[in-house]
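**Student:** Please find one structure pasted underneath; my questions will follow.
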Amino acid sequence: MTDGAGRSVPVPRKVERIFPAGPPAAIQIYTLAPELLLGWPRANRPEELEFLLPEVGRRPELGRITGRGNTANLETVLALKPDLIVDAGSTRQTFVELADRVQAQTGIPYALLDGRFERIPASYAVLGDLVGRRERARELARHAEAAMETVRGRCLAVAPERRPRVYYARGPAGLETGLRGSINVEILEFLGLRNVAQEVAGGLANVSIEQVLRWDPEVIITIDISFAETVRDNPLWQGVRAVRDGRVHLSPKLPFGWVDFPPGVNRLIGLWWLGQRVYPERFPEDLRALTREFYQRFYQVTPNDAQVARVLSGRG
């Protein structure tokens, strides 16, 4: 079969055991066919397990083949006897070569999925073909595509000059951010938001508070609890418009991040959250209901009201 990088992958007729090469792959496999997932790149924490199928969420830590801190050695992979290795992320030549090398060394088919946010529906179709779950893959792809079209359409209807300047803050000091084209700010750019750090292309970068003051963002999105809880009382940040106006928003992260961390299909529900935070007047939907529906469809669990409230608080 053909994977997301256009490679021909010799997939077994029946796939029953999949080794995920990294976190985005693990999450996408879980949403499509959880019973096939051998384990996780990192063991899920108790607060994360609450929002996953118990028998799957508790599967063991396997390490990772790709990304920062690749910790899975090929002996470990071979011992698990997977029918297929799946990675979701970049399809650049570096990762194609890695997939080819691991496949040659282990004899295990290694499929790459295109991990770009806009390619999520297509990557579900590819994964569905690879593992024989085409109907379920079509269902998830349809819902992904509908959310992407709806939320993006409303955001892009705002004239470019009226779109707020947004700063994505990472780390306890809030001074790490994503430059233009960074996978960490991919859904901000997908919605046409004005990333204040867009002058330079790149990945994550450290910036100074003086630079943030010059950018003067109107909205700050963060994934760091300590930064969100202290920024309003931090005199260094008092001159930033988003802080003065109370528009610092802590992204939900259970069981996986809604904006980033990891950059996988888990970000689909983050579209609605981000749209509401930036354009509340354009998104009257009940985010609690949308959260419950997404978790039922993609994570196959039904959170109660208290759990949904805890998810939306971003505090875990």
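The values are calculated or read from the model by the stated rules, or taken from the named source; none is laboratory data. Only a predicted model underlies this, so the values are computations on that prediction, with no experimental measurement involved. No Cβ is skipped: glycine too gets one built from the backbone with ideal geometry, and neighbour counts run over all protein chains shown. SASA here: full protein model, heavy atoms, side chains in, ligands and nucleic acids out. Shrake-Rupley method; radii C 1.70, N 1.55, O 1.52, S 1.80 Å.
**Student:** Consider only pairs whose beta carbons are under 8 Å apart and that are at least six residues apart or on different chains; among these, list those whose first residue lies in the range 153-176 and is touching a residue at least 24 places away in the same chain (Cβ under 8 Å) and whose second residue is of a type in the set (Phe, Trp, Tyr) and not in a loop (DSSP other than H, G, I, E, B).
**Tutor:** Close Cβ pairs satisfying both conditions: ARG165/TRP215; TYR167/TRP215; ALA169/PHE227; GLY171/PHE227; PRO172/PHE227; ALA173/PHE227; GLY174/PHE227; GLY174/TRP237.
**Student:** Looking only at the range 199-213, count how many residues are without any contact (Cβ under 8 Å) to a residue 24 or more places away in the chain and closer than 21 Å to GLY181 by Cβ.
**Tutor:** 5
To keep it simple, each residue is scored yes or no on (1) aliphatic (A, V, I, L, M); (2) farther than 18 Å from LEU250 by Cα; (3) modelled with pLDDT of 95 or more.
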site	(1), (2), (3)
CYS155	no, yes, yes
ARG163	no, yes, yes
ALA169	yes, no, yes
LEU175	yes, no, yes
GLU186	no, no, yes
ASN195	no, no, yes
LEU213	yes, yes, yes
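**Student:** Any chance the range 19-40 includes a residue that's assigned to a loop (DSSP other than H, G, I, E, B), surrounded by fewer than 16 Cβ atoms within 10 Å (Cβ to Cβ), out of contact with any Gly (no Cβ under 9 Å at 6 or more places or on another chain) and on the phi < 0 side of the Ramachandran plot?
**Tutor:** No, the range 19-40 contains no residue that is assigned to a loop (DSSP other than H, G, I, E, B), surrounded by fewer than 16 Cβ atoms within 10 Å (Cβ to Cβ), out of contact with any Gly (no Cβ under 9 Å at 6 or more places or on another chain) and on the phi < 0 side of the Ramachandran plot.
**Student:** Taking into account only those residues within the range 41-62 that are assigned to a helix (DSSP H, G or I) and of a type outside the set (A, V, I, L, M), which is most open to solvent (accessible area, probe 1.4 Å)?
**Tutor:** GLU55
**Student:** Which one of the conditions (1) of a type outside the set (Val, Ile, Thr); (2) within 18 Å of PRO172 (Cα to Cα); (3) not in a helix (DSSP H, G or I) does ARG232 fail to meet, given that it meets all the rest?
**Tutor:** Every condition holds for ARG232 apart from (3).
**Student:** Right, something else. Please specify each residue of the range 48-81 satisfying the condition of being of a type in the set (D, E, K, R) and at pLDDT below 95.
**Tutor:** Within the range 48-81, ARG64, ARG68, GLU75 qualify.
**Student:** Restricted to the range 235-245, and to residues that are open to solvent by 50 Å² or more (accessible area, probe 1.4 Å) and farther than 22 Å from PRO280 by Cβ, which residue is farthest from the chain's Cα centre (by Cα)?
**Tutor:** The qualifying residue farthest from the chain's Cα centre (by Cα) is PRO235.
**Student:** Something else now. Would you be able to tell me the number of residues in the range 264-302 that are open to solvent by 10 Å² or more (accessible area, probe 1.4 Å) and among the polar types (S, T, N, Q)?
**Tutor:** 4
**Student:** Take SER208 and decide whether it is farther than 26 Å from PRO23 by Cβ, of a type in the set (Ser, Thr, Tyr), modelled with pLDDT of 95 or more and open to solvent by 20 Å² or more (accessible area, probe 1.4 Å).
**Tutor:** yes
**Student:** Within the bounds of the range 246-263, is there any residue that is open to solvent by 70 Å² or more (accessible area, probe 1.4 Å), out of contact with any Leu (no Cβ under 8 Å at 6 or more places or on another chain) and at pLDDT 95 or above?
**Tutor:** The answer is yes, given that some residue of the range 246-263 is open to solvent by 70 Å² or more (accessible area, probe 1.4 Å), out of contact with any Leu (no Cβ under 8 Å at 6 or more places or on another chain) and at pLDDT 95 or above.
**Student:** Can I ask one more? What pairs come out if I take residues in the range 117-143 that are more than 23 Å from VAL259 (Cα to Cα) and pair them with residues that are open to solvent by 50 Å² or more (accessible area, probe 1.4 Å) whose C-beta lies under 6 Å away, six or more apart or interchain?
**Tutor:** GLY128/ARG134; ASP129/MET1; LEU130/MET1
**Student:** Between a residue in the range 45-56 that is without any contact (Cβ under 8 Å) to a residue 60 or more places away in the chain and more than 15 Å from GLY257 (Cα to Cα) and any residue that is open to solvent by less than 40 Å² (accessible area, probe 1.4 Å) and not in a loop (DSSP other than H, G, I, E, B), which pairs come within a Cβ distance under 7 Å, given they are 6 or more apart or on different chains?
**Tutor:** Final answer for the pair search is VAL56/TYR30; VAL56/PRO34; VAL56/LEU37.
**Student:** Continuing with this model, one more query. Is it the case, given these coordinates, that ALA242 is more than 23 Å from LEU52 (Cβ to Cβ) and either in a strand (DSSP E or B) or without any contact (Cβ under 8 Å) to a residue 60 or more places away in the chain (or both)?
**Tutor:** Against the criterion (more than 23 Å from LEU52 (Cβ to Cβ) and either in a strand (DSSP E or B) or without any contact (Cβ under 8 Å) to a residue 60 or more places away in the chain (or both)), ALA242 does not qualify.
**Student:** Report every pair of residues separated by at least 6 positions or lying on different chains whose Cβ atoms are under 7 Å apart, first residue within the range 178-197 and of a type in the set (Phe, Trp, Tyr), second open to solvent by less than 10 Å² (accessible area, probe 1.4 Å).
**Tutor:** Cβ pairs passing all conditions: PHE190/PHE117.
**Student:** What is the number of the single condition among (1) within 20 Å of SER8 (Cβ to Cβ); (2) of a type in the set (Val, Ile, Thr); (3) in contact with a Lys or Arg (Cβ under 9 Å, 6 or more places away or on another chain) that ILE120 does not meet?
**Tutor:** Among (1) within 20 Å of SER8 (Cβ to Cβ); (2) of a type in the set (Val, Ile, Thr); (3) in contact with a Lys or Arg (Cβ under 9 Å, 6 or more places away or on another chain), ILE120 violates only (1).
**Student:** List the helices (runs of 4 or more DSSP H) that sit entirely inside the range 246-316 and contain at least 1 residues that are under 18 Å from GLY178 (Cβ atoms), touching an Asp or Glu at 6+ places or on another chain (Cβ under 9 Å) and not aliphatic (A, V, I, L, M).
**Tutor:** In the range 246-316, 268-278 are the helices (runs of 4 or more DSSP H) which contain 1 or more residues that are under 18 Å from GLY178 (Cβ atoms), touching an Asp or Glu at 6+ places or on another chain (Cβ under 9 Å) and not aliphatic (A, V, I, L, M).
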